[in-house]
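Only one structure is covered here, and it is reproduced in the block below.
Coordinate-derived values only; no laboratory data. Fair warning: this is a prediction, and the values are worked out from it, not measured in the lab. For neighbour counting, all protein chains shown are included, and Cβ atoms are generated from backbone atoms with ideal geometry for every residue, glycine included.
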Amino acid sequence: MLWAYNVEHLDLLEAYVSAQLRERGQHMGSQTLVERLPAWVKEGRHRAEVLGAIGQLRAVLA
């Protein structure tokens, strides 16, 4: 199951999942949104499936 609070949250998820290189910012704490994502969302092998689900959510919002 994939969900987002709003369009900005969906944008963040899409940017994170589609990123080829995921770098941490300097001042990020240990409980950031992306650190709390389930492992399956972060795994590269699920990238296409997660991006497809994000596209479906965007279609619902349109």
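Find me the longest stretch of the chain that has none of the exposed GluC sites (Glu not before Pro), where exposed means in a DSSP loop (not H, G, I, E or B) with at most 15 other Cβ atoms within 10 Å. Maximal segment without exposed cleavage sites: 1-22.
Any idea which of L57, L21, A4 is furthest toward the positive side of the dipole for the chain, if Lys and Arg beta-carbons carry +1 and Asp and Glu beta-carbons -1? Checking the options against the dipole of the chain, the answer is L21.
For the chain, take the longest principal axis of its alpha carbons; what is the angle in degrees between that and the long axis of helix 47-61, to the nearest 10 within 0 to 90? On a 0 to 90 degree scale, this one is about 60. Taking 0.36 nm per residue of sequence separation and removing the Cα-Cα distance, the E23/V60 pair yields an extension gain of 10.3 nm.
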